[in-house]
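*Asks:* Sharing a structure here in structure tokens format.
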Amino acid sequence: MSAGHHHHGGHAVHSHHDHNGGHGHMPTNFSRAFALGIALNITYILVEVIYGLLAGSMALLADAGHNLSDVLGLVVAWAGAELGKRPPSKRFTYGLGGSSILAALLNGLFLLVACGAIALAAVERFSSPSPIASTTVIIVASIGIVINFGTAMLFVRGQKEDINIRGAFLHMMADAAVSAGVVVGGIVIYFTGLNWIDPLISLLIVALIFWSTWGLLTEAVRMSLAGVPRNIDVEKVQSYLASLPGVQAIHDLHIWPMSTSETAMTAHLLLPEGHPGKGFLGEIQKQMMHRFSIHHTTIQIEVDDGEEGCRTDCGSDD
């Protein structure tokens, strides 16, 4: 490597605190939402079990079991959010933000398993349709809509920018849809006597849950493989860096998620001798946060002194 690879001391800028303004405080706000959501849902499960046994309704007992898996989903999402708030350590120098990505991945898998369970129960009910849903089932399921939809709304604010929160949101919306299906099915069967309506509605709900979960799952898999978060356009980042005064080439541009709400970036910029000083790097860091929501930016300056420089061993532009 030639002199073209000198880093001049101030080569790296690392934004470490900027995210506290926009995103870092976000999981804190959801701790109360998780606690409330879990408490409401456990209470509702107890109600479902009691009335399911009293009314002799398998539908209510099955829904209680399904809701229990969703409480587990909320617990996992909460654990991910809480672990993500832990400060970096010697062993985990980035902190444990990545656990929120694992939580989103687990939540996506939970939802797929729930889809399979509901579909299986629905197919079985086609062969032996359950008797007309009693008024009790309709009333209890109606309470379920209110509780599940209310819990989902606790997470609606954060679900766009944090896929871990989106996992919790989708879980509760899926539950609200299942409860709504039970109510609609119960009412239709009550008036028509067509028992096959119930499993049919269940299958429609499964299709809806699967459709909404697939996006969550693919995004969580991509994030766990350190893929670029879907809200960031790499080409736009690259063209912004290329447009900076003096930048002759960009090498080793890497963008990856540190958690479900924080992103990091590193890049090597080739500049001519006598490149701009620290203000240049500070401005890049500020623009990365402002334009692309990239929280941790590390830039390495390589000086072009007219020799080959670093072109041979600095990696490609990808």
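Computed from the coordinates by the stated procedures, all read-outs in this text should not be read as laboratory data. Keep in mind that this is a model prediction, so the values were computed, not measured. Cβ sites come from the backbone with ideal geometry, for glycine too, and all protein chains shown count toward neighbours.
*Asks:* Averaging sequence separations of C-alpha pairs under 8 Å and six or more residues apart, then dividing by the length of the range 158-260, give the relative contact order as a whole percent.
*Replies:* Result for the range 158-260 is 25 percent.
*Asks:* Do any chymotrypsin sites (Phe, Trp or Tyr not before Pro) in the range 88-126 lie in a loop, going by DSSP, with at most 14 other beta-carbon atoms within 10 Å of their beta carbon, and if so which?
*Replies:* For chymotrypsin sites (Phe, Trp or Tyr not before Pro) across the range 88-126 that sit outside H, G, I, E and B with at most 14 neighbouring Cβ atoms in 10 Å, the list reads 92, 94.
*Asks:* FRET efficiency for residue 254 and residue 156, Cβ-Cβ distance as r, R0 = 41 Å, nearest 0.05?
*Replies:* E between residue 254 and residue 156, to the nearest 0.05, is 0.80.
*Asks:* Output the direction-averaged projected area (hull surface divided by four) of the convex hull of the alpha-carbon atoms of the range 123-261, in nm².
*Replies:* The number I arrive at for the range 123-261 is 11.4 nm².
*Asks:* Counting Lys +1, Arg +1, Asp -1, Glu -1, what net charge surrounds residue 31 among other residues with beta carbon under 10 Å of its beta carbon?
*Replies:* With Lys, Arg at +1 and Asp, Glu at -1, the net is +1.
*Asks:* Hey, rough spin-label estimate for residue 226 and residue 35, points 7 angstrom out along Cα→Cβ, what's it come to in nanometres?
*Replies:* Inter-label distance under the simple model: 3.7 nm.
*Asks:* With an 8 Å Cα cut-off and a minimum separation of 6 or more residues, compute the relative contact order for the range 25-224 in percent.
*Replies:* Relative contact order of the range 25-224: 25 percent.
*Asks:* Determine, for each peptide in 144-153, 30-39, the mean count of other beta carbons within 10 angstrom over its residues, then list the peptides with the highest first.
*Replies:* Descending mean neighbour count gives 144-153, 30-39.
*Asks:* With labels modelled as points extended 7 Å from the Cα through the Cβ direction, what inter-label distance (nm, one decimal) is found for residue 94 paired with residue 244?
*Replies:* 2.1
*Asks:* Assuming R0 = 22 Å, what is the FRET efficiency of residue 143 and residue 191, from their Cβ-Cβ distance, to the nearest 0.05?
*Replies:* Step by step, r from the Cβ atoms, then E = 0.55.
*Asks:* Then there's this: Give me the percent relative contact order of the range 157-201, please, defined on Cα pairs under 8 angstrom at least 6 residues apart.
*Replies:* 24
*Asks:* Counting only Cα atoms, I'd like the Rg/Rh figure for the range 25-124, Kirkwood definition for Rh.
*Replies:* Answer for the range 25-124: 1.11.
*Asks:* About its Cα centre, what dipole magnitude does the range 25-224 give when the only charges are +1 on Lys and Arg Cβ and -1 on Asp and Glu Cβ, stated in debye to the nearest 20?
*Replies:* Computed charge dipole of the range 25-224: roughly 740 debye.
*Asks:* Related question: Tally Lys and Arg at +1 and Asp and Glu at -1 over the other residues with C-beta under 10 Å from the C-beta of residue 178: what net charge comes out?
*Replies:* -3
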